[in-house]
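Have a look at the structure below, then the notes.
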Amino acid sequence: MSRRLILLALLAFACLPSHAATKRKKPAAPTAPGAKAATHISSTVGRRNVLIILVDDLNADVGWLGGPSLTPNMDRLAQQGMRFTNAHSPHALGHASRIAIFTGLMPSTSGIYTGDQDWRRSVQLKGRLTLPEFFMGAGYATAAGGSIFESSHYGPASLEHDAVWEARLPGITTPETRHVNGLDLWDWGALEVQDDETADGKTVQWAADYVSQAKGKKLFFLTVALDKPHAPWYAPRAYFEGIAGDALKLPEVKEDDFQDVPDYAKEDFIAADSSHSQIVAGKAWPDAVRAYRACVAFADAQVGKLLEAVEKGPAAKTTVVCLASTRGMALGDKRCWQSGSLWACSTHVPLTIYAPGVTRPDSVSDEPVSTMDLFPTLAELTRQEVPKELDGTSLVPLLLDPKARRLKPAITTMGGAEQASYAVRTVGWSYLRNADGSEELYDRAADPHEWTNVAGSPEQAETKQVLAQFVPKEWHPAERSSQLVGKQGADGAIVFELQTGDKLPANVAPSIAGHGLDVDVEFDVLGSEDGTLISQGDTKNGWALQMVAGQPTATILQDGTATTLATAAPAKGPARLRLFIPGNGTISLGVAGQNQITGRCPFAGGFPVQPAGELSVGEASTALPHSRGFSGTISHLWVTVLP
């Protein structure tokens, strides 16, 4: 860390209001008087197994954070090790947060910020190890239950990373909305099922069996992802019946809360407020809260079963257990529902770590941390060298000394690219920088609900300026785009060397009007990799090369009419596919060494017009119905624009 950054960090904490220090919780197990705080893991601590329990959309209402949710098992785990009271998600959306957690990189570094981006194709992640790959390379047995890199709501294994798991129980797609609640919103309701009949119940049983059978010298790295309490809020009826009294407590809402919020933020939450208005008008607020907390109680019961399996298993004394949430969840807080904002109701998440021989029972840290910090933390806890390129910072110094300070805020992103907004959180402050440059600043000690925006206060100008220094200055796109330039040959042909994930906007895509094309693709054929290899254009004009039912298929669109040509399926293994549109009224498609077919092209003399849409590689094409991304591996791809 540079001297300037250290000074900025120190100034940020120096700007904390005096009452923040007086209200700061003291660790339950402080360092003994006169004792020197540990700064490294003792040599007596050997390498450990790792269990990560990732709970989807679990907010900070858990019992150990003083909330009304019924979470006795999570509370017990928190008391065994360290609980972080000021932990935040890396992104306001679950998928982007998952990628940040398992890569240790901020969304602004990886370029991943939406729910439908294929993170595996980010040019920023090329050559970087994910967390399970890191442990696999260290000789660990890697295992996973549930949806890890992607939410089960997009379908099982849609954007998963199955190659890094030696043992795997895939996530199970959640049921379709049943409209039990009678509202035109996400659904909730009690189910007449037993725990072991649910997706999470099956996942936990599988993971418990895995832990119970963990024997031998090979250590394990196990990740268990629980779907609940993600919407729809379905859970066995018994959990609904247990929600009463304080567990039904509704969030406090300030009616004029948005009066001092920038217009940019207000616009984003008009729709959110309409959901709140609909729920309130339908007198469904208590029912919605009951349903969410019933799902939390259900998830807690599954955590309890998993902890019991660990405690009774052969690796009880050698397993690091970490419980974290993907993102927060608003239940009407600030008139918002679910998540997707930068306010604490959407970003504040539970995070607890128990590491035998390292953590102290019932220890607490109020320092600002991110779940993105898990990668370097787990690397250090298992005596491995922490990769230097990570954005996350190891939490081991806090685990060793609960009184330690952290010269780094927690940063949450919302949106991405030119529409990226950020929240910067310290012990005493929340600073929000919206994509349009507007700002919010909240005194967290005096205003824990973030109701009073003091960004315009002259007294806080210095605090705001210091915290703004931590907002990322640059966004690294996941796709290569305008920097791609074709190489011109002696004959006038222009060759573009492309790769999976490339996207070229229409204004920088190859100019093909009046020209023919020669497309050469090398890819692996395993038998099930249907999808779009490359496409350019829109529904009116353009072209595409796809795998459809195992067959290479070329499509040319002219004035909204599609002309297709398909050839026989290639043999399994590496294959080379060539699409040739020479501009003489013909089109040919063939697999090298196998077959070639020739057909009539709808035009002669090259493409009549320049397609209006983008060029993309390996992605679903908006120009073609039922198109989807190619899930296989494209090793080389050349597009030659003929002279």
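The values are calculated or read from the model by the stated rules, or taken from the named source; none is laboratory data. Since the structure is predicted, the reported quantities are computational estimates derived from the model, not experimental observations. A quick note on method: Cβ atoms are made from the backbone with ideal geometry, for glycine too, and the neighbour counts reach across all protein chains shown.
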request  = Determine whether the range 91-100 contains at least one residue that is among the polar types (S, T, N, Q), at pLDDT 95 or above, assigned by TED's automatic domain parsing to the domain that holds TYR140 and under 26 Å from the mean Cα position of the chain (by Cα).
outcome  = yes
inquiry  = Suppose we keep only residues that are among the charged types (D, E, K, R), at pLDDT 90 or above and within 41 Å of the chain's Cα centre (by Cα) within the range 548-607. Which one would you say is farthest from PHE630 (Cα to Cα)?
reply    = ASP559
remark   = Checked the range 189-232 for anything part of a strand (DSSP E or B) and under 15 Å from LEU51 (Cα atoms); matches are PHE220, PHE221, LEU222, THR223, VAL224, ALA225, LEU226
key: Meets criteria (touching a Pro at 6+ places or on another chain (Cβ under 8 Å) and more than 23 Å from ASP538 (Cα to Cα)) for ALA493   = yes
ask   = Can you pull out the residues in the range 256-274 that are among the hydrophobic types (A, V, I, L, M, F, W, C), in a helix (DSSP H, G or I) and modelled with pLDDT of 90 or more?
value = none
key: Every pair of residues 6+ apart whose Cβ atoms lie under 9 Å, when the first sits in the range 218-241 and is within 20 Å of ARG168 (Cβ to Cβ) and in the same structural domain as ASN59 (by TED's automatic domain parsing) while the second is of a type in the set (Lys, Arg) and surrounded by fewer than 20 Cβ atoms within 10 Å (Cβ to Cβ)   = LEU219/ARG47
ask   = Are any of the residues in the range 352-366 in contact with a Ser or Thr (Cβ under 8 Å, 6 or more places away or on another chain), of a type in the set (A, V, I, L, M), in the same structural domain as LEU93 (by TED's automatic domain parsing) and under 25 Å from ARG128 (Cβ atoms)?
value = yes
Matching entry among SER158, SER151 (being modelled with pLDDT under 90 and surrounded by fewer than 22 Cβ atoms within 10 Å (Cβ to Cβ)) = SER158
note = ILE279: passes all of (1) surrounded by fewer than 24 Cβ atoms within 10 Å (Cβ to Cβ); (2) in contact with a Leu (Cβ under 9 Å, 6 or more places away or on another chain); (3) modelled with pLDDT of 95 or more; (4) in a helix (DSSP H, G or I) but (3)
key: Subset of the range 449-462 [of a type in the set (D, E, K, R) and either closer than 18 Å to THR347 by Cα or without any contact (Cβ under 8 Å) to a residue 60 or more places away in the chain (or both)]   = GLU450, GLU459
remark   = When the range 463-500 is checked residue by residue, the ones that are closer than 30 Å to ALA410 by Cα and without any contact (Cβ under 8 Å) to a residue 12 or more places away in the chain are GLN465, LYS473
request  = Would you check which residues across the range 77-98 are more than 20 Å from VAL303 (Cα to Cα) and of a type in the set (S, T, N, Q) and list them?
outcome  = ASN86, SER89, SER97
inquiry  = Go through the range 110-137 and report how many residues are assigned to a loop (DSSP other than H, G, I, E, B) and at pLDDT below 85.
reply    = 4
inquiry  = Can you confirm whether SER394 is modelled with pLDDT of 95 or more, hydroxyl-bearing (Ser, Thr, Tyr) and assigned to a strand (DSSP E or B)?
reply    = no
query = Checking VAL253 against (1) touching a Lys or Arg at 6+ places or on another chain (Cβ under 7 Å); (2) not in a loop (DSSP other than H, G, I, E, B), which test does it fail?
reply = (2)
Lone qualifier among GLY514, GLY501 - being touching a helix residue (DSSP H, G or I) at 6+ places or on another chain (Cβ under 6 Å) and either surrounded by fewer than 20 Cβ atoms within 10 Å (Cβ to Cβ) or not aliphatic (A, V, I, L, M) (or both) = GLY501
inquiry  = Quick check on ALA12: is it assigned by TED's automatic domain parsing to the domain that holds LYS228 and modelled with pLDDT under 80?
reply    = yes
task = Tell me which of these ALA446 doesn't satisfy, since it passes every other one: (1) within 29 Å of GLU252 (Cβ to Cβ); (2) in contact with a strand residue (DSSP E or B) (Cβ under 9 Å, 6 or more places away or on another chain).
result = (2)
ask   = Quick one: which strands (runs of 3 or more DSSP E) sit completely within the range 560-643 and have at least 2 residues that are in the same structural domain as GLY501 (by TED's automatic domain parsing) and of a type in the set (Asp, Glu)?
value = none
query = So, of the residues in the range 380-395 that are of a type in the set (Val, Ile, Thr) and under 16 Å from ARG48 (Cβ atoms), which turns out to be surrounded by the fewest Cβ atoms within 10 Å (Cβ to Cβ)?
reply = VAL386
ask   = In the range 479-523, which residues are within 28 Å of the chain's Cα centre (by Cα), of a type outside the set (A, V, I, L, M, F, W, C) and part of a strand (DSSP E or B)?
value = LYS503
query = Among the numbered criteria (1) in a loop (DSSP other than H, G, I, E, B); (2) within 33 Å of the chain's Cα centre (by Cα); (3) more than 18 Å from GLY632 (Cβ to Cβ), which single criterion is violated by GLU529?
reply = (3)
remark   = Flagged in the range 447-481 as aliphatic (A, V, I, L, M) and modelled with pLDDT of 95 or more, in numbering order, are VAL454, ALA455, ALA461, VAL466, LEU467, ALA468, VAL471
ask   = Does LEU70 satisfy the criteria of being modelled with pLDDT under 95 and surrounded by 21 or more Cβ atoms within 10 Å (Cβ to Cβ)?
value = no
key: Residues satisfying the stated conditions in the range 374-406, i.e. free of Cβ contacts under 8 Å to residues at least 24 places away in the same chain and of a type in the set (D, E, K, R)   = GLU385, LYS388
request  = With the condition kept exactly as written, say whether any residue in the range 562-583 is exposed (fewer than 14 other Cβ atoms within 10 Å of the Cβ), under 26 Å from ASP491 (Cα atoms) and not small (Gly, Ala, Ser).
outcome  = no
ask   = Considering only the range 281-304, how many residues are in contact (Cβ under 8 Å) with a residue 12 or more places away in the chain and more than 19 Å from PRO350 (Cα to Cα)?
value = 8
